[in-house]
């Protein structure tokens, strides 16, 4: 089973039909012509052969080798990341938990203004949540857009969410669950928190 990562926020918000963002191995093989080897690890490269071990043992010959090992949410190293209500957004495994946590949330903090953070903020605002977006960069999508385009995106977003750009997260507070978030310039109360790299 695989998924379209950028569709995860829309899946959480119930805005994407499952067949549009979730794919089985069979669909990937029949519709896209891919060969998928699960539980198989690449251990070496010898010339134009990839040496593999696991469910498939042996070698795979290639013309071009692309290493795409995936990504992990960049959870800041601050106090409080282990509290209930702090959830890294990565893949389909978080969709149901995110929906449960969001059901009672009124105010939500999205840490990171990269693609997934911007999409998550959009979804949450459409669900009627008060959304704060915290990012150390001075504009959303800073790694992808130049300053002029980033300012256009920021202007559009500020009509829907509260942007806390140029601010770094320094602490997440609470007893058993998250109750507040402290940034370099302010502190505010909240009911739920999303994590995603900027």
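Data overview
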item: Unique match (being modelled with pLDDT under 85, within 16 Å of residue 9 (Cα to Cα) and crowded, with 18+ Cβ neighbours inside 10 Å) among 131, 94, 111; result: 94
item: Checklist (1) in contact (Cβ under 8 Å) with a residue 12 or more places away in the chain; (2) more than 30 Å from residue 45 (Cα to Cα); (3) outside any loop (DSSP other than H, G, I, E, B) applied to residue 59, failing item; result: (2)
item: Segments classed as strands (runs of 3 or more DSSP E), wholly inside the range 63-136, with at least 3 members that are without any contact (Cβ under 8 Å) to a residue 60 or more places away in the chain; result: 130-135
item: Set 149, 157: member being at pLDDT 95 or above and out of contact with any strand residue (DSSP E or B) (no Cβ under 7 Å at 6 or more places or on another chain); result: 149
item: Residues of the range 179-198 satisfying the condition of being in a loop (DSSP other than H, G, I, E, B), touching a strand residue (DSSP E or B) at 6+ places or on another chain (Cβ under 8 Å) and modelled with pLDDT under 85; result: 184, 185, 186, 190, 191, 196, 198
item: Selected residue [over 25 Å from the mean Cα position of the chain (by Cα), at pLDDT below 85, surrounded by fewer than 16 Cβ atoms within 10 Å (Cβ to Cβ) and in a loop (DSSP other than H, G, I, E, B)] from 35, 31; result: 35
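The values are calculated or read from the model by the stated rules, or taken from the named source; none is laboratory data. Worth saying up front: this structure is predicted, and the values here are computed from it rather than measured. With ideal geometry, Cβ positions are generated from the backbone for all residues, glycine too; neighbour counts draw on all protein chains shown.
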